[in-house]
Amino acid sequence: MDLVIVGFGVVGQGVAEVIQQKREFLHDAFRKKTRIVGVFDSSSYETNKTGLDPSALIKRKASKNKVGKRRYDGDAWRILGALEYDTLIEVTPTNIVSGEPGFTNIATALKSGKNVITSNKGPLALRFRELSDAARKNNVQLRFEATVGGAMPIINLSRELLRGEKILSIRGILNGTCNFILDRMMEEGLPFAQALREAQDMGIAEKDPSYDIDGDDSACKVAILANAIFGLDKKYSDVKKTGIRGVTEDAISLAEEEKKVIRLIGEISPKRLEVAPRLVRIGHPLSIGGTRNIVQIHTDLAGEITVAGKGAGKYETASAILSDLVALLNENKKSRVIRR
Ligand SMILES: NC(=O)c1ccc[n+]([C@@H]2O[C@H](COP(=O)([O-])OP(=O)(O)OC[C@H]3O[C@@H](n4cnc5c(N)ncnc54)[C@H](OP(=O)(O)O)[C@@H]3O)[C@@H](O)[C@H]2O)c1
């Protein structure tokens, strides 16, 4: 399978490394070479029909801050149309205002009959229906396990393994930064501002933390799950959200007196899309501390299924992208067997 990676930051480089590391496994399991035939960052690109060397790409990016020798203006979609490949891996920054550049990159690939795997929340939290319709119309797949919960397998689990079940609702912790801050406030009795500063010093929170602490990141994930699992047509702005800025030390100690913690919980059901700080009993799975993500899927037959995992990181996110790639290769292998 020939891949083009657009975006060569933390996740793009993680994917390149993992493809190199798993090359033999992929070949043995699917009897097909998996190659990177194109790669783009914001100002440069490189293509090669016979495959690019992932280590050389990572080395060049580290030494020159450019992944390719060829310069361009960041409109990868203009070049994508002329390339021969099977699957686009779209891992440019999330933009929740316009969805770009991800939206146009993904739409261009789908319309030209290519599969897409992405970790980019913006296009899916803004224009999910348009993209999934384009995939269906062109008989290709749009896969996005990495957009929610990093390494925590929630989308493919719900859509594929639990396909026969009726999923009634999903609730969980979808943002590790908020969880870390709330946990530190309780553990150490820290005020919000100090716990936030600690998270920033440790690289867990961004310099401008508003996207995380105001609940936008969780709201994007709630919208994506609502669309992907409940078949809704929602944008992240349809999600009712309250962030964690207003959580006080007093609220945390009152909760503690009742043997509870405060957690930022995303709730998804056909009737309810909401992100808000909630009281959770200590010992309940959703009272988990640290930066991990966790969700509970409530189904008609299995009851409650709980999944937890690292919500972000280079290899964790690459692991979710690999799971989508393996699903595509598997599909490809099945259709080759049927055609024979
Ligand atoms: N990091 C995580 O743990 C994680 C987890 C889940 C999901 N995600 C999502 O995955 C995506 C990538 O995250 P990241 O952490 O890898 O971000 P990142 O480190 O900031 O890398 C973004 C990459 O995209 C490139 N880029 C920016 N504008 C572009 C354009 N117009 N055309 C082509 N490339 C462009 C950047 O180019 P330059 O290198 O030239 O600046 C950079 O290589 C984001 O949407 C993020 O929300 C990340």
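Odds and ends about this structure:
- Residues satisfying the stated conditions in the range 297-334, i.e. of a type in the set (D, E, K, R), more than 13 Å from the ligand (Cβ to nearest atom) and at pLDDT 95 or above: 300, 304
- Only one entry of 255, 327 meets the criterion of being part of a helix (DSSP H, G or I), under 30 Å from residue 164 (Cβ atoms) and in contact (Cβ under 8 Å) with a residue 24 or more places away in the chain, and that entry is 327.
- Residue in the range 93-116 that is touching a Ser or Thr at 6+ places or on another chain (Cβ under 6 Å), among the polar types (S, T, N, Q) and in the same structural domain as residue 43 (by TED's automatic domain parsing) present: yes
- Subset of the range 139-154 [surrounded by fewer than 23 Cβ atoms within 10 Å (Cβ to Cβ) and among the β-branched types (Val, Ile, Thr)]: 140
- Yes/no for residue 183 being acidic (Asp, Glu) and under 29 Å from residue 305 (Cβ atoms): yes
- Scanning the range 159-168 for residues that are of a type in the set (A, V, I, L, M) and touching a residue at least 12 places away in the same chain (Cβ under 8 Å) yields 162, 167, 168.
- Looking across the range 118-158 at every residue that is of a type in the set (Val, Ile, Thr) and touching a residue at least 40 places away in the same chain (Cβ under 8 Å), the one that is farthest from residue 104 (Cα to Cα) is identified as 154.
- Checking the stated criteria, residue 213 turns out not to satisfy the condition of being more than 29 Å from residue 190 (Cα to Cα), surrounded by 14 or more Cβ atoms within 10 Å (Cβ to Cβ) and in the same structural domain as residue 176 (by TED's automatic domain parsing).
- Yes/no for residue 127 being within 16 Å of the ligand (Cβ to nearest atom) and outside the structural domain of residue 300 (by TED's automatic domain parsing): yes
- As a summary of the residue check, residue 312 satisfies the conditions (1) part of a helix (DSSP H, G or I); (2) surrounded by 19 or more Cβ atoms within 10 Å (Cβ to Cβ) except for the one numbered (1).
- Residue within the range 42-62 that is within 22 Å of the chain's Cα centre (by Cα), under 21 Å from residue 135 (Cβ atoms) and buried (at least 16 other Cβ atoms within 10 Å of the Cβ) present: no
- Condition check for residue 294: within 12 Å of the ligand (Cβ to nearest atom), surrounded by 18 or more Cβ atoms within 10 Å (Cβ to Cβ) and either under 13 Å from the mean Cα position of the chain (by Cα) or over 30 Å from residue 113 (Cα atoms) (or both): no
- Residue in the range 259-272 that is buried (at least 19 other Cβ atoms within 10 Å of the Cβ), outside any helix (DSSP H, G or I) and within 16 Å of the ligand (Cβ to nearest atom) present: yes
- Subset of the range 1-36 that is more than 16 Å from the ligand (Cβ to nearest atom) and buried (at least 16 other Cβ atoms within 10 Å of the Cβ) - its residue that is farthest from residue 318 (Cα to Cα): 30
- The condition of being within 17 Å of residue 263 (Cβ to Cβ) and modelled with pLDDT under 95 holds for only one of 176, 149, 172, that being 149.
- Any hit, the range 129-138, residues being farther than 23 Å from residue 236 by Cβ and over 17 Å from the mean Cα position of the chain (by Cα): yes
The values are calculated or read from the model by the stated rules, or taken from the named source; none is laboratory data. Not measured: the values here are computed from a predicted model. Cβ coordinates were reconstructed from backbone atoms using ideal geometry, including for glycine residues, and neighbour counts include every protein chain displayed.
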